[in-house]
Structures are given as structure tokens and as C-alpha cells.
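Everything on this sheet refers to the single structure shown next.
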Amino acid sequence: MYDIVITGGAGYIGSHTALLLLDKGYNVHIIDSLINGFYESIRSIQNIHKNKKLENKLFFYKCDLRNKELLRKVLKSIQKNGSNNIDALIHFAGLKSVNQSINEPIKYWNNNVLGSVNLFEIMSEFNCENIIFSSSATVYGDNNFRKIKESDELRPINPYGFTKLAVENCLNNIFHSPLNNWGVIVLRYFNPAGAHPSGLIGENYKGKPSNLFPFICQVAEGTLEKITVFGNDWETLDGTCVRDYIHIMDLAEGHLSAIEYLLKNEKQFLTINLGTSEGVSVLNFIYQFQETNNVRIRYEFGDRREGDSAFSVADSSKALKILGWRAKRTLSDICKDGWKRQKMIAKL
Ligand code: NAD
Ligand code: WQD
């Protein structure tokens with residue numbers, strides 16, 4: 001039985017990936033400081049998993065990656081609880097708010113970069129040399145309305161993006177060192193949205209959401225009155241920004257494919273976009289949500305948001321070619337599953 005460590009597994013993407021890996025028979029060891037994650041998510045995963053009566057197990061370790069001593073102890077416990085070998089690690093843990101990173105860059109460099117470097121150091125001590133890293137489309141520069149390829153220019157425009165690129169570069173250096181034997185897959189996500197179809201896990205937030213989809217959900221539910229669409233004078237078909245929204249379970253499956261690839265193939269350094277390759281405007285998204293769920297979303301047009309770009313859509317052909325993965329779910333699935341989750345949260 002393979003043992004997979006997931007840092008940041010109490011968060012949005014990590015919790016969905018953990019559930020999928022458990023379903024596929026992996027032992028899953030989650031490390032999370034809970035700074036933005038929720039123990040509730042771990043309990044939900046445990047409950048869903050328990051009902052399936054599989055033999056593999058889920059373990060949780062509360063630890064901040066910047067605490068090296070504790071991290072060392074955690075990896076020792078993981079070896080003891082698992083099959084004495086850590087087969088691979090998926091590194092989700094990090095802070096992800098673009099706005100917060102502009103106001104608090106030191107916090108972002110400290111958490112995202114220092115935390116990652118500590119992790120890599122301790123991984124080395126334990127001969128854990130297979131890693132998948134959560135990077136972001138934010139590392140790319142302006143794309144001139146073309147779908148973005150992995151080989152496109154990297155030119156982040158905010159501290160969050162710079163920390164992601166710094167960690168990518170650090171992993172690249174580690175991979176190229178003759179003294180190491182690491183396998184690295186960097187996954188650059190576009191815009192994850194939606195929830196597990198059961199609605200039992202989804203995106204939880206501390207505070208008011210800033211991303212489009214959770215905002216739409218809260219307007220639909222009535223927690224928020226209306227959504228401001230940031231600009232209707234962009235150079236797009238309907239004047240609103242275009243993004244590549246990917247269902248969270250498609251994203252989780254992308255990680256499963258990456259793990260399988262990493263465990264079966266010779267050590268490599270790979271960078272892969274995870275997106276749908278389909279562009280959706282803000283207005284398209286609002287209309288689709290209304291149609292799928294038969295609810296009304298109040299919106300108004302406001303000014304452009306600083307730092308936004310008109311168009312950000314993945315060219316995901318490399319993921320298909322190398323990992324055999326492609327996103328299967330529709331925008332309507334995102335709306336349906338996310339809304340189900342939102343209604344469940346409202347009942348809690
Ligand atoms: P999230 O905030 O829901 O989850 C991140 C988890 O990491 C949280 O549970 C948090 O408590 C934990 N964490 C943060 N710093 C930690 C530390 N120093 N030590 C231990 N745990 C720590 O975010 P998410 O949406 O699940 O994103 C996961 C990863 O994917 C992040 O690295 C993010 O940058 C990246 N990413 C996210 C998106 C997105 O839109 N959600 C897009 C591209 C990339
Ligand atoms: C989507 C679109 C907004 C809110 C961010 C990060 C990126 C990645 C994913 C981590 C944009 C518009 C939004 C609102 C709106 N995260 N919008 N009104 O900015 O594409 O990407 O999340 O890596 O790094 O930058 O996502 O959901 O904030 O915005 O009109 O109230 O919705 O202008 O066009 P974004 P988003």
C-alpha cells in the first residue's frame with residue numbers, strides 16, 4: 001500500500017484530493033497548521049471513508065511547515081504509521097490571497113517559501129524524493145488572448161506569484177543537483193471551483209470570499225446582497241474577464257494522475273497546466289449558475305479590479321499527452337455541486 005503525504009490537506013484542494021486518494025486505496029497522511037484549513041474537513045473525509053470500509057487509512061498531523069523540529073517528528077510518525085516509506089508528497093500548504101500578499105509580502109515569503117524550503121530539507125533527511133507542487137497560473141505574464149502553454153514567459157505581477165515561482169525554481173535546483181534523485185511535478189492550476197458532488201466537503205473560508213465562485217454562491221444563498229462584476233469594458237466578447245474554471249474533482253483527478261505517473265516513471269522535472277482549455281466570462285458564469293440552479297444572482301458592474309487581466313485560459317494539451325488526464329466536468333457541474341455544498345453549509 002502506498003503512503004502519500006499531503007501538506008495543506010485540510011484546505012480546499014487538499015481535502016478533495018485526499019478523499020480521492022483514499023478512495024483509490026492509498027494511505028493518506030495530512031500535515032496542516034490549520035491556519036486556513038479546517039479540522040471539520042478532516043472529520044468529514046474520515047466519515048466518508050469509514051463508510052466505505054476500505055483497508056487503507058487517513059492520518060492527520062497538526063504542524064506548521066516552518067517548525068522544523070516538529071516536522072521531523074511528524075515524518076517519523078508517518079513512517080511508523082505507514083509502511084515505513086513515504087512514496088510521494090503533494091505540497092498544497094501555502095497562503096493564496098493575491099491581495100493579502102500585496103499588503104503582507106513578508107508573511108507570504110515566510111510562509112510559502114521558508115515553509116517549503118524547510119519541508120524539502122526534512123524530506124531529504126527521510127529520503128522522500130517524489131513531490132507534486134501546487135503552483136498557479138499567476139506565475140505567467142500577459143498572454144495576449146492566447147491559451148497559455150507551460151513554455152510561455154513567466155512574469156508574476158504580485159508577491160504571491162513570486163513566491164510560487166521561487167518554490168518552482170527551488171525544486172528545479174534540487175532536481176538538477178547531482179547529489180539528489182528527486183522526481184518533481186509542478187502543477188499550475190487555473191481557477192478551481194465547485195465541490196465534491198456529495199456536498200460533504202467543499203471550499204470553507206475564514207472571512208468574506210474574494211474569488212468569484214464562492215461570492216456567487218453566497219449571493220445566491222442571501223448571505224451577500226449582490227456581486228460587483230469588475231469591469232464590463234474589457235476586450236472580450238461581452239466585456240467581462242475570461243477565465244478557465246476547473247471543477248475541483250477534475251483537479252483532484254489531475255493529482256491522482258500525477259501521482260501514478262511519478263510512481264511509475266523515471267525521475268523527471270515536469271511542469272503541467274491543469275485547466276479545461278475553455279474560457280468562461282464572468283457574465284457567462286453568473287448566467288450558467290442561474291440556469292443550473294434556478295436561482296437569481298443580483299449583480300452590478302463596477303470598476304476594473306487592479307491586477308486583473310482580460311483573459312487567462314490554459315492550453316492543457318500537455319496534461320493529456322503526458323498524464324493522460326483531461327477535465328471531464330462541465331461548468332454546469334461546478335454550479336450544481338458548489339450550490340449543493342453552499343446549501344449544506346447554510347444548514348450547519
Ligand atoms: P487553502 O487555503 O484552502 O489550503 C491551504 C492549506 O494549507 C490550509 O489548510 C492551510 O491551513 C495550510 N497551510 C498554509 N500554510 C501552512 C504552513 N506553513 N504549514 C502547514 N500548513 C499550512 O488553499 P487551496 O485553495 O486548497 O490551495 C492549495 C494550494 O494550491 C496553495 O498552495 C495555493 O497557492 C495553490 N493554488 C490554489 C488556487 C486556488 O484558486 N484555490 C489556484 C492555484 C494554486
Ligand atoms: C475571477 C474573475 C474577476 C470577484 C485568483 C488568483 C489566482 C488563483 C485563482 C491562486 C476575474 C472577477 C471576481 C468578484 C468579479 N489563485 N470577479 N467580481 O483573479 O482569476 O485568480 O484565484 O493561485 O492566482 O489571482 O480569480 O475568482 O478572484 O476572479 O467580477 O467579486 O471574476 O475580475 O475576472 P482570479 P477570481
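Bear in mind that the values in this text are calculations on the coordinates, not laboratory data. Keep in mind it's a predicted model, so treat the numbers as computed, not measured. FYI the Cβ positions are ideal-geometry reconstructions off the backbone, even for glycines, and counts take in every protein chain you see.
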Segment Ile322-Phe126, extension gain: residue separation times 0.36 nm, minus the distance between their alpha carbons: 67.7 nm
Rounded to 5, percent antiparallel among DSSP beta bridges of the chain: 5 percent
Point-to-point label distance, Thr228-Lys50, nm (Cα→Cβ direction, 7 Å offset): 4.5 nm
Per DSSP, loop trypsin sites (Lys or Arg not before Pro) in the stretch 42-145 with at most 14 further Cβ within 10 Å: Lys53
For the chain, the longest site-free run once GluC sites (Glu not before Pro) in DSSP loop states with at most 16 other Cβ atoms within 10 Å are removed: 56-152
Per residue, the convex hull volume that the Cα atoms of the stretch 80-172 enclose (Å³): 113 Å³
Convex hull of the chain built on C-alpha atoms - directionally averaged projected area, nm²: 16.6 nm²
FRET E, pair Gln268, Phe301, Förster distance 56 Å, beta-carbon r, rounded to 0.05: 0.75
Potential lengthening between Asp308 and Lys57 on full extension [0.36 nm per residue; Cα-Cα distance subtracted]: 86.2 nm
Among beta bridges that DSSP assigns inside the stretch 175-311, antiparallel share in %, nearest 5: 10 percent
Per-pair calculated FRET efficiency, R0 = 35 Å: Tyr205 and Asn181 via Cβ, rounded to 0.05: 0.35
Electrostatic dipole magnitude of the stretch 185-289 [Cβ: Lys, Arg +1; Asp, Glu -1; Cα centre; debye, to 20]: 360 debye
The stretch 184-243: trypsin sites (Lys or Arg not before Pro) in DSSP coil with no more than 10 other Cβ atoms inside 10 Å: Lys206
Contour excess over end-to-end distance, with Cα ends at Lys149 and Asp333 and 0.36 nm allotted per residue: 63.7 nm
